[in-house]
1. If a residue must be closer than 21 Å to residue 362 by Cβ and outside any loop (DSSP other than H, G, I, E, B), how many such residues does segment 321-343 contain?
2. Test residue 41 against the stated conditions and say whether it is farther than 14 Å from residue 84 by Cα and in contact with a Cys (Cβ under 6 Å, 6 or more places away or on another chain).
3. Quick one: in segment 49-67, of everything that is crowded, with 19+ Cβ neighbours inside 10 Å, free of Cβ contacts under 8 Å to residues at least 40 places away in the same chain and of a type in the set (Val, Ile, Thr), which residue is nearest to residue 125 (Cα to Cα)?
4. Only residues in segment 170-188 that are part of a helix (DSSP H, G or I) count as the first member; pair them with residues that are crowded, with 19+ Cβ neighbours inside 10 Å and among the β-branched types (Val, Ile, Thr), Cβ under 6 angstrom, at least 6 apart or cross-chain, and list the lot.
5. Which residues, counting only those in segment 262-293, are within 23 Å of the chain's Cα centre (by Cα), free of Cβ contacts under 8 Å to residues at least 60 places away in the same chain and part of a loop (DSSP other than H, G, I, E, B)?
6. So, residue 360, is that one open to solvent by less than 50 Å² (accessible area, probe 1.4 Å), at pLDDT 90 or above, assigned to a helix (DSSP H, G or I) and more than 24 Å from residue 250 (Cβ to Cβ) or not?
7. When segment 168-204 is examined, which residues are found to be in contact with a Lys or Arg (Cβ under 9 Å, 6 or more places away or on another chain), of a type in the set (A, V, I, L, M) and closer than 26 Å to residue 111 by Cβ?
8. What about residue 132, is it modelled with pLDDT of 95 or more, open to solvent by 10 Å² or more (accessible area, probe 1.4 Å) and either more than 22 Å from residue 216 (Cβ to Cβ) or part of a loop (DSSP other than H, G, I, E, B) (or both)?
Amino acid sequence: MRKLKIDLKNDDDFLSIKNILQPFTQRAYFVGGCVRNTFLNLPCNDYDIEIYDIQPKIFDELMKKLGADGVGKSFFVYKYKKFDLALARYENKISCGHKGFEVSICNDEQDGAKRRDFTINALMVNIFDYSFYDFFGGVEDLKLKQIRHINDQSFKEDSLRILRAIAFACRFDFVITDETLALMKTMDINDLSRERINNELYKIFKTSKLDKAYKYFKQLKLENSIFYHSTNNIEFDNLLKSSQKFIKHDGLFLYLYLNFFQIKKKEFFVKTKIKKYFLKYSDQRFILGSVSDFDLAKISLDLKLCEWLGLWNQDRIEQAKKINLFERKFQSQITAKDLLDQGYNGKELGIELYKIKIEEIKKYLKELR
């Protein structure tokens, strides 16, 4: 039996958990992401602990004593600081939706691991002696950099796992195995709420593998279900892939997608219920092809060019630096107060202010030459 250590020996919260569980069980395990991340040399901010040999009533009493919050009592799940604690369980699908499960206590580690989505998330480490269990080849899949589901039936019971597979593939730069992709193609995400879909999208948007996500969206025919739009354009594919080398921002995908395909943004955000946070980035100026110094300077009236999502290649970056507007906004010498003093007001004031700023930009660029 292999041992894998997760170092929390000096963590007071973890020691409190061990002390309160130890009189009742020796079968409590780190599971999921914290074990997976150990193999990937990635940090972990949250820890899932799965517990055996304790009855629900006693477990509830222990969690109250610990000061844990019941975040899913019908699923025997509690939250304590950065730890999620849960009794091992079976889940039997009895109705639609992610809450439509009949839950019962599980007393076998392999059965507990079997209900998880992917092999890389089914690894287990005992919190007392650090013994390690890998029932479904998760370590090998980590080495092969692949996402593979465990069980056909349980996987199909929650269609969110389609998007989770894509999110993991993008986050770790893994590939989804052919057999898992084949199963995903038989599933439908239209039973999911927009909130659940969007929560996975936000994770995908934070990765630097947006082109991989987009490829899977199209391969699995998900694009219309997610964005209510269907596309097929090699120029966009190339732009999405190349831009990520220069732009690291969670607003990049929607900025490119909505502007390249000229999708009506307000309608899009109403329909998808995606956070309005992304709208302000999607509204940034979008220019395909070559961009002039004049255009760059106009954009810099509103933001530093290093913050512009359109600065997606080396040529544009060098151009912004050359006109000395990469890390600063264009500084106009005119203010609204100056024009108010001259008698301008309302819409007329805004138009005149912009005209003067444009003339300042022209003068500034002429002096640079």
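1. Residues in segment 321-343 being closer than 21 Å to residue 362 by Cβ and outside any loop (DSSP other than H, G, I, E, B): 5 in total.
2. no
3. Ranking the qualifying residues of segment 49-67, first place goes to 51.
4. If the second residue must be crowded, with 19+ Cβ neighbours inside 10 Å and among the β-branched types (Val, Ile, Thr), the pairs left are 170/204; 170/207; 171/207; 184/162.
5. Listed by number, the residues that qualify are 263, 276, 283, 284.
6. The answer is yes for residue 360.
7. Within segment 168-204, 176, 183, 184, 187 qualify.
8. yes
The values are calculated or read from the model by the stated rules, or taken from the named source; none is laboratory data. Bear in mind the structure is a predicted one, so any value in this text is a computation, not a measurement. Note that each Cβ is placed from the backbone with ideal geometry, even for glycine, and that neighbours are counted across all protein chains shown. Accessible surface is based on the protein model in full, side chains and every heavy atom, while ligands, DNA and RNA are left aside. Shrake-Rupley method; radii C 1.70, N 1.55, O 1.52, S 1.80 Å.
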